[in-house]
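Notes follow once the structure below has been shown.
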Amino acid sequence: MRQDFSPPAPGRMPHHSFRRFFLPLFAIMVLMLVALAPQQASAFSDEQLRQNAEQLNAKSSTKKLDVIEKMAADGDPRVAAILEAMLDGDLYASKADDKVVIGKKQGKVWQHIDVVSGAVTGESGSADLDKIRINNRLRGALRDALATLNLFSPDLAIRRAAVETVMDTRDPAMAPLLQRAIERESNPDLLARMELAKATMALAAGETSQERLDAIDILASQTTPQIRAVLLQFVNAAEAENYDPKVVAAAKDAVASVESRLKMWQTGGDVYRGISLGSVLLLAAVGLAITFGVMGVINMAHGEMIMIGAYTTYAVQQAFLVFWPAGIGWSLAVAVPVAFLVSGGVGVVVERLIIRFLYGRPLETLLATWGLSLFLQQAIRSIFGASNRQVVAPDFMSGAIEFSTGLVLTYNRLWIILFSLIVVGGIAAVLRYTAFGLQMRAVTQNRRMAGSVGIRTGYVDALTFGLGSGIAGIAGVALSQIDNVSPNLGQGYIIDSFMVVVFGGVGNLWGTVLGAFSLGIVNKFLEPVAGAVLAKIFVLVALILFIQKRPKGLFALKGRAVEA
Amino acid sequence: MNKTLQTIVGAGALAWSAMAMTPAQAADDTIKIGVLHSLSGTMAISETTLKDTVLMLVDDINKKGGLLGKKVEAVVVDPASDWPLFAEKARELLEKDKVAAVFGCWTSVSRKSVLPVFEEDNGLLFYPVQFEGEESSRNVFYTGAAPNQQAIPAVDYLMSEDGGSAKRFALLGTDYVYPRTTNKVLRAYLHSKGVADEDIMENYTPFGHSDWQSIVADVKTFASAGKKTAVVSTINGDANVPFYKELANQGIKAEDIPVVAFSVGEEELAGLDTTPLVGHLAAWNYFESVDTEANAAFIKKWHAYIGDDKRVTNDPMEATYIGFTMWAHAVEQAGTTDVDAVRQAMYGQKVPNLTGGVAVMNTNHYLSKPVLIGEVQDDGQFDTVWKTDGVVVGDSWSDYIPESAKLTADWTYPWVCGNCEKPKY
Amino acid sequence: MTDYRQKYKMTPVLGWLLQDRGGMILLGILLAGSILIPIGNLMFPEGSAFHVPTWVLGLLGKYLCYALLALSVDLIWGFCGILSLGHGAFFALGGYAMGMYLMRQIGDRGVYGDPVLPDFMVFLNWKELPWYWYGFDHFSFAILMAMLVPGVLAFVFGFLAFRSRVTGVYLSIITQAMTYALLLAFFRNDMGFGGNNGLTDFKDILGFDLQSDQTRCVLVVASALMLAICYLVSRGITQSRLGKVLIAIRDAESRVRFTGYRVEYYKLFVFTVSAVMAGIAGALYVPQIGIINPGEFAPAASIEVVIWVAVGGRGTLYGAVLGAFIVNYAKTFFTGVMPDFWLFFLGGLFIAVTLFLPKGVIGAIPAFGAANGGPGAPGNWRDRLASWRANQGGKA
């Protein structure tokens, strides 16, 4: 799912033991292999391969590391499969005979796949298999080993990933191998990345001022945090060791230019994060914009409607697991209408049982809905338990678009931004273009008049409150993707929601939209400067002061209704 | 007027009798213990499980014939994550219900809130959660981990070759006393290991922080400086799920930037899809995955009691188990539930850990326990990757905070003091 | 109802006092309690039927402080229509002022033994006392600050808000924003107020041990008397000419303004007085509870105060006191008796009161219902007019 435009995380330590001792040797061996035998002939016999694989089940991680090195150096194409399985945690030792196998889960049983032949040799339950344990050090080593093996893979994507890992590692010992790969590479894009990787190595390894200047020249045009780190390290080294002043100056210039471009991207990132926070606020608040903004109910149970939506998402997912496990990817899509109906249904019931007796006494709705919110929280706690529930993210919402500049656009937030806009658009359309919307506006503007032209005001009230609650339920579906699904979920959003609605102007949908996004963006711009806590305090104080300037919010309703 | 007055006086009298008379005369054949865990409000997520654990242990001990030939009765109250209410409920348990011991509290502030009450009424509190230390009360037994039983071994591991030889540390925490103290201890410790200030980043967020985009992005930038970077997280409860979701989505892999957490256990992971988080770490004294007979029996008992095979066990549950078992043994030994006698009997009390080895109650009221470091697995469990050789003695006053390094806690002769520089006698 | 003023030709003050039946009962109970409770606690031994256990003493002290807070909310909400969802902020600020005094009183008895710095500063490595802690070693200064800080904050906040004519829900929400911002600020350890743990581990007040029953009794009695005094002050304000303007503002703000009154000044005055009362409540609360932490700033806590008032009966003052006692007693009772389900009862209570007792519990007692003639009391002609108008126009 991930689209890697750059290595997922920069900044590995250059002097990892694995690389220091092993990489040069390994690089030379692979180089020889590549040079001598383009087909990558296997040096291991089947028996040797099996023996080595068995040794992967060693106790100490140092021993495992040795074996990984030995196997990777061999260049056998089957090694990659074994190491990949190990990296993914799919390599097991069978308890019965201590044989190392690749385990593949098939329903409730694990198939044993032979490490040499790749054939299925048997199957068992999980209890009969011992996972071959790895830690972060081994994970790093495995990934690096795979990267070098994969530098010559026929698959472009695998090669691309390998180049990124090499770039990440920046080990000078890799340079000859990389050079070799550059000569064989035909894809111009990848070739450019390879040249860049070469330059990062050349900078550290370069002997003459000219070599260094050339490398700096290539690097200065890049805009990635890794390159900045490379250049910064070089500047430090250069100053410490009194390099040619021309080189130092050029390096400093390069850092400055990379830095300034990165700044712009960072600002872009802040805007994106602000919009993303804004979309979350918007989703949380938009239901309230109807129940509170349009109907005048100070709905303290709004947060609980969101929570009910989130729990509905959980329930739908559980239902999928029972009835249609294969279609689990659809559960979120199904949860949206279901959550709307469930929360909306609760809303209609609440309106009929409680709210309808309180029209004209808005402040008392606060009391009743507060009681209701306590009631609903406890109800959910009694039914589902107090602990968090797990809502699995579907594939299309996992991962991120990563730019090499360090900007990361996570899919779940992109979807939520899109989703919030669709929801608001939908509501606006319902209010504007449907008969129900017309009646709703009529009733809230002048109940008696609406009643006297034949609108069933009670019916419209119930549906309006249901609509607001249902939308809160939809928000719950989205929030289940980024927050806890717990009985307290709603409490975390209720205050922010009221702020947004009031800031935008009660009774104005577009005010809510603008309010949510501006609060989100301001918050995210302050956060890097002031920290998360102070940023929030500043936003609150700004809101208080803003209300002094515009006592009815961004978009004030005009006319007699305001004073009523 | 008279009628009203009568009504009011009557109502007042009724309320009075309800208030003053409710202590059902404690039957002589039961020993009462108090359970002071929040069952509603923000902390209910974590604490409800501990209430159930205590009830399970009570159930268990009663099946075996009770204590001193009497049945044990648990008095459960709900302090509702409201700190003054904790103090009120503690007083009620001690003075109205006359409980022999109280098992409870999670947050430091709730413990601080009830502390004066326990000291005034000479009660006994068993506190089962990892915390910042810097306290030793005569009336509290701390069965959770102190910073030296959790944070320092974890950082040691990160700096070791197996842990990835980290050279740069981002300390992320919720803004309250536990993360602040832990990070302060860690900073001093890292200095002593030659890590410079520029390689340490500290960041604090409010409780329940749910938008981690900027901070995770900051960590990525911090980590791009070319040194192996690790994150030490003291982020509290609720905020963890959104934090890990953001980590996963921004593609921070454990082998690049490992995150070691002190407040994330099996219970917290249960609310998460852990597949993208494999390899991130946690340091505890207990993991459900540890393969021992005692642990298997405990898990089985828990599943049977709670009636749900999917419910996980976690470290504070083990701490509750150890505390309760020690208390029961001490009562048996002392032959009474009298607080002073039980306290004396507590010292040196040994209970086998669920993870192997033996936990010992020290005279500073802290436990000696083993420290485990586990990696998150894709099934929401931890896989132990490192373990101390023996047990680590809980340190009530950290050696890495100058004012605190001077102090000693020892409640036996000749010290008899929780925070003294020299013995009292 | 007999008009005592006519009958006995008394001074106006005594007149309205005698006319205020609920107030008389309240004051009577408070005075009787002030005498009986210490006797019950100190004179009668444990086990006696008249003994007042210490834990009950603690509860009563807490309820009394909450009642005073509720009273301060009723003064502005019930009589001036200002619904503050942030009154907990003033309460907490008063509490912090007292807490700072109590912290300084600890002296070198803290765990680290520093003669000046409170424990939390020692372990955060603070070298000297921040300037805003100066003076708090004096009781009188702390008491002054407990009133002044909430008062000034309310004055500034009110000045801005009322001058800009921020009303209704908008005002409620920005008061909520205010207390929320303060909550976050006080959570910060860098603020120098102990962060989330707040101020705790108090030893004594004015040299008296806080854990002794005598001190506790004095504090409970002080709370009761302060509640009585504040009740009288509030009643005095609402009965005065100024009070009549306030009620007029509550019922029709624009009309009062058009009549030539400077509405904002009236509001500002009563808002500030109310905040000072809340501060006093906080200052009395902290030594009895033994801890003050930012949790008191939580918006939910402030909302609860409003609910106490509504449950008791808004616009009656004594109703607020009754409400605070009922709700908090219910909380104490249910969290002990049915810890797993008490929220159902509390939530249910709030809903039921709103639906079935729109004028609160007080309104349901016939003697205090519609017949009571005091302005601002529920059921008078203004309320009837207001609800009639509300029905005409749809929403109010």
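Quick look at the values:
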item	result
Single condition A:Gly505 does not satisfy, out of (1) within 14 Å of chain C (Cβ to nearest Cβ); (2) surrounded by fewer than 24 Cβ atoms within 10 Å (Cβ to Cβ); (3) at pLDDT 90 or above	(3)
Meets criteria (more than 7 Å from chain B (Cβ to nearest Cβ), under 24 Å from A:Leu277 (Cβ atoms) and in contact (Cβ under 8 Å) with a residue 60 or more places away in the chain) for A:Phe396	yes
Selected residue (criterion: nearest to B:Asn148 (Cα to Cα)) from residues of region B:367-380 that are within 11 Å of chain A (Cβ to nearest Cβ) and surrounded by fewer than 20 Cβ atoms within 10 Å (Cβ to Cβ)	B:Gln377
Close pairs from region A:235-257: first closer than 15 Å to A:Asp214 by Cα, partner part of a helix (DSSP H, G or I) and among the acidic types (Asp, Glu), Cβ under 7 Å, at least 6 apart	A:Val248/A:Glu239
Unmet criterion (only one of (1) more than 25 Å from B:Val216 (Cα to Cα); (2) part of a helix (DSSP H, G or I)) for A:Tyr493	(1)
Filtered residues of region C:47-64 (kept if at the interface with chain B (Cβ under 10 Å from one of its Cβ atoms) and not aliphatic (A, V, I, L, M))	C:Phe50, C:His51, C:Pro53, C:Thr54, C:Trp55, C:Gly58, C:Lys62
Tally of residues being surrounded by 24 or more Cβ atoms within 10 Å (Cβ to Cβ) and within 14 Å of chain C (Cβ to nearest Cβ) across region B:116-130	1
Any chance B:Trp397 is crowded, with 16+ Cβ neighbours inside 10 Å, more than 14 Å from every other protein chain (Cβ to nearest Cβ) and part of a loop (DSSP other than H, G, I, E, B)	no
Lone unmet requirement of (1) within 26 Å of C:Ala330 (Cβ to Cβ); (2) surrounded by fewer than 19 Cβ atoms within 10 Å (Cβ to Cβ); (3) not hydrophobic (A, V, I, L, M, F, W, C) for C:Ser254	(1)
Test: residue in region A:413-434 that is farther than 27 Å from A:Gln481 by Cβ and not in a helix (DSSP H, G or I)	yes
Per-region count, region B:153-191, residues of a type in the set (Lys, Arg) and farther than 30 Å from A:Arg133 by Cα	3
Filtered residue count, region A:411-421, keeping only those that are within 7 Å of chain B (Cβ to nearest Cβ) and without any contact (Cβ under 8 Å) to a residue 12 or more places away in the chain	0
Subset of region A:378-391 (residues that are buried (at least 19 other Cβ atoms within 10 Å of the Cβ) and of a type in the set (A, V, I, L, M, F, W, C))	A:Ile380, A:Ala386, A:Val391
Qualifying position, being more than 30 Å from C:Ile174 (Cβ to Cβ), in a loop (DSSP other than H, G, I, E, B), modelled with pLDDT under 90 and not aromatic (Phe, Trp, Tyr), among C:Asp114, C:Asp108	C:Asp114
Test for A:Gly451: is it modelled with pLDDT under 90 and assigned by TED's automatic domain parsing to the domain that holds A:Val424	yes
Residues of region C:347-366 that turn out to be within 11 Å of chain A (Cβ to nearest Cβ) and surrounded by 24 or more Cβ atoms within 10 Å (Cβ to Cβ), as a count	4
Helices (runs of 4 or more DSSP H) enclosed by region A:161-241 - at least 3 residues per element that are among the β-branched types (Val, Ile, Thr) and either within 25 Å of A:Glu259 (Cβ to Cβ) or within 14 Å of chain B (Cβ to nearest Cβ) (or both)	A:225-240
Pick from region A:266-284, criterion touching a Phe, Trp or Tyr at 6+ places or on another chain (Cβ under 6 Å) and over 12 Å from A:Val424 (Cα atoms), ranking: surrounded by the most Cβ atoms within 10 Å (Cβ to Cβ)	A:Gly278
Selection count, region B:146-177, where residues are part of a loop (DSSP other than H, G, I, E, B) and among the aromatic types (Phe, Trp, Tyr)	1
Residue in region B:157-170 that is within 14 Å of chain C (Cβ to nearest Cβ), touching a Ser or Thr at 6+ places or on another chain (Cβ under 8 Å), touching a residue at least 12 places away in the same chain (Cβ under 8 Å) and under 25 Å from A:Arg413 (Cβ atoms) present	no
Where a residue in region B:294-311 is closer than 17 Å to B:Ile322 by Cα and its partner, wherever it lies, is of a type in the set (A, V, I, L, M, F, W, C) and modelled with pLDDT of 90 or more, with Cβ under 6 Å and at least six apart	B:Ala294/B:Leu354; B:Asn295/B:Leu354; B:Phe298/B:Leu354
Filtered residues of region A:462-496 (kept if touching a His at 6+ places or on another chain (Cβ under 9 Å) and within 14 Å of another protein chain (Cβ to nearest Cβ))	A:Gly490, A:Tyr493, A:Ile494
Cβ-Cβ under 6 Å pairs, at least 6 apart or on other chains, region C:303-328 side more than 12 Å from chain A (Cβ to nearest Cβ) and closer than 18 Å to C:Val270 by Cβ, far side in a helix (DSSP H, G or I) and of a type in the set (Val, Ile, Thr)	C:Thr316/C:Ile362; C:Gly319/C:Ile362; C:Ala320/C:Val309
Close pairs (9 angstrom Cβ cut-off, 6 or more residues apart or separate chains): closer than 16 Å to C:Glu264 by Cα in region C:237-248, modelled with pLDDT under 90 and in a helix (DSSP H, G or I) anywhere	C:Ile247/C:Arg382; C:Ala248/C:Arg382
Strands (runs of 3 or more DSSP E) wholly inside region B:224-331 that include at least 3 residues being among the basic types (Lys, Arg) and within 30 Å of B:Asp197 (Cα to Cα)	none
Candidate set: region B:194-222, residues that are over 24 Å from A:Leu479 (Cα atoms) and either under 27 Å from the mean Cα position of the chain (by Cα) or in contact (Cβ under 8 Å) with a residue 60 or more places away in the chain (or both); chosen: the one surrounded by the fewest Cβ atoms within 10 Å (Cβ to Cβ)	B:Glu202
Yes/no for A:Val541 being within 29 Å of A:Ala429 (Cβ to Cβ) and facing chain C (nearest Cβ under 10 Å)	no
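The values are calculated or read from the model by the stated rules, or taken from the named source; none is laboratory data. Fair warning: this is a prediction, and the values are worked out from it, not measured in the lab. No Cβ is skipped: glycine too gets one built from the backbone with ideal geometry, and neighbour counts run over all protein chains shown.
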